[in-house]
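These notes concern the structure reproduced below.
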Amino acid sequence: MGKRTTGFSGLSRFLQAEKLTSDLPVDVRNGTKRSLDSSAESQSSKKKRKSDGESTEDIGTSRTKLVQKYDMSGSIPVFKTMQEVPENLKKYYAQRERFFSLYSTPPGCLLDDEGWYSVTPERIANQIAERCRCDTILDAFCGVGGNAIAFAKTCQRVIALDISPTRLALARHNAQIYGVAQHIEFILADYISFAEMYLSSPKAATSRKIDVVFLSPPWGGPSYLSGSGSPSDSNSSPNENMPAPFALSDIQPIHGVDLFKLSNRITPNIAYYLPRNTDLDEVSALVKNDNSKDDIQEFIEVEEEWMGRKLKALTCYFGGLAAGQSELF
Ligand code: MGP
């Protein structure tokens, strides 16, 4: 596999899940930078894969004819020039082609306000999708579809949920532009109810097994960088360049810990997209290892998502998604 030159790098470190008996919950196992290719390669041995016959490029370039009824053009304002963009969205609009490289491809990608500030930039979405290769992935909060589009290139089946009918429609519109809408099952649903229903139906759990859950929930709006009033007791030294820590209690629609626990009942393989200022002690505590048992110590892989010199977010990989833990998949 050739080396990619994306101007974006993934920096991974490993958290040892909090041991019940340990007072040192965070164990940096590997703080070195590694190329995107190495992570993709490490995943290539994973059992559940999309067949190699259908490469990323195959899908991305083989556009299907747009289904007119799913074309949402005209349903929300589309900005033609920076002057038309409201002040609070200008910095996002300036990044539009980072969010969707096909932003301007007719009929043009569409984002509502929440979509503008929470969509995952395409290169990051592609990197996460590479790491999440599997048969069936559930994108629990698909928003305007940035991640679901990327998953459609690496997973056999993508179930994309959103509670907003508008955003779900925009996600399908955008997926059409990428020619992948037919690979995604768009479901208008609240993830919490969906998960509870799925878990209470043994038939669903066996006939529609979900291999990976991707969580990119609302972080409480663009002000997430101002941190939380009540972060967990953190021993990490404050870094002048880092904003105040973000606490998982600020995740919506439920506490980020409960969101993880609920998802963990569906599958151990979870990718959790979190703010760059997330309190990592809290992340570490999500998986408890009991030292009294001889069980494998589970690690959480934290991938820093950089674009150029800018750290955009963290993706935390759990279970078989964390490098070196494919046996948990
Ligand atoms: P940002 O910090 O608001 O933007 O979000 P940016 O351009 O880095 O602004 P700056 O002022 O810090 O330079 C960075 C990234 O975080 C976005 O591109 C989104 O992918 C993600 N993101 C931001 N928010 C507010 C959310 C959110 O509420 N939920 C999710 N899932 N992702 C978000």
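Worth a mention:
- Some residue of segment 145-156 being surrounded by fewer than 23 Cβ atoms within 10 Å (Cβ to Cβ) and either of a type in the set (Phe, Trp, Tyr) or in contact with a helix residue (DSSP H, G or I) (Cβ under 8 Å, 6 or more places away or on another chain) (or both): no
- The residues of segment 132-141 that are open to solvent by 10 Å² or more (accessible area, probe 1.4 Å) and either under 25 Å from Asp113 (Cβ atoms) or among the small types (Gly, Ala, Ser) (or both) amount to a single one, Phe141.
- Filter result for Asp250 (open to solvent by 30 Å² or more (accessible area, probe 1.4 Å) and either modelled with pLDDT under 95 or of a type in the set (Ser, Thr, Tyr) (or both)): no
- Just one of the listed residues (Thr105, Thr120) is within 10 Å of the ligand (Cβ to nearest atom) and either touching a helix residue (DSSP H, G or I) at 6+ places or on another chain (Cβ under 8 Å) or open to solvent by 10 Å² or more (accessible area, probe 1.4 Å) (or both), namely Thr120.
- Residue within segment 176-187 that is surrounded by 16 or more Cβ atoms within 10 Å (Cβ to Cβ), within 16 Å of the ligand (Cβ to nearest atom) and under 28 Å from Trp306 (Cβ atoms) present: no
Results for (1) in a loop (DSSP other than H, G, I, E, B); (2) at pLDDT below 95, shown as yes or no for each residue.
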position: Ser230; (1), (2): yes, yes
position: Ile254; (1), (2): yes, no
position: Tyr272; (1), (2): no, no
position: Asp295; (1), (2): yes, yes
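- Only one of the listed residues (Ala169, Ala175, Ala94) is of a type in the set (A, V, I, L, M), over 18 Å from the mean Cα position of the chain (by Cα), within 27 Å of Met197 (Cβ to Cβ) and modelled with pLDDT of 95 or more. That residue is Ala169.
- Single residue of Asp112, Asp58 found to be modelled with pLDDT of 95 or more and either under 30 Å from Thr267 (Cβ atoms) or hydroxyl-bearing (Ser, Thr, Tyr) (or both): Asp112
Matching residues to (1) open to solvent by less than 10 Å² (accessible area, probe 1.4 Å); (2) among the aliphatic types (A, V, I, L, M); (3) within 13 Å of the ligand (Cβ to nearest atom):
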{"residue": "Leu259", "(1), (2), (3)": "yes, yes, yes"}
{"residue": "Leu262", "(1), (2), (3)": "no, yes, no"}
{"residue": "Ser284", "(1), (2), (3)": "yes, no, no"}
{"residue": "Val287", "(1), (2), (3)": "no, yes, no"}
{"residue": "Ile300", "(1), (2), (3)": "yes, yes, no"}
{"residue": "Glu304", "(1), (2), (3)": "no, no, yes"}
{"residue": "Arg309", "(1), (2), (3)": "no, no, yes"}
{"residue": "Glu327", "(1), (2), (3)": "no, no, no"}
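- Yes/no for Ala129 being surrounded by 15 or more Cβ atoms within 10 Å (Cβ to Cβ), within 13 Å of the ligand (Cβ to nearest atom) and either modelled with pLDDT under 95 or closer than 30 Å to Ala322 by Cβ (or both): no
The values are calculated or read from the model by the stated rules, or taken from the named source; none is laboratory data. Keep in mind the model is a prediction, meaning the values are calculated, not measured. When we count neighbours, we look across all protein chains shown, and the Cβ atoms used for this are built from the backbone with ideal geometry, even at glycine. Surface accessibility is based on the protein's heavy atoms, side chains included, excluding ligands, DNA and RNA. Shrake-Rupley method; radii C 1.70, N 1.55, O 1.52, S 1.80 Å.
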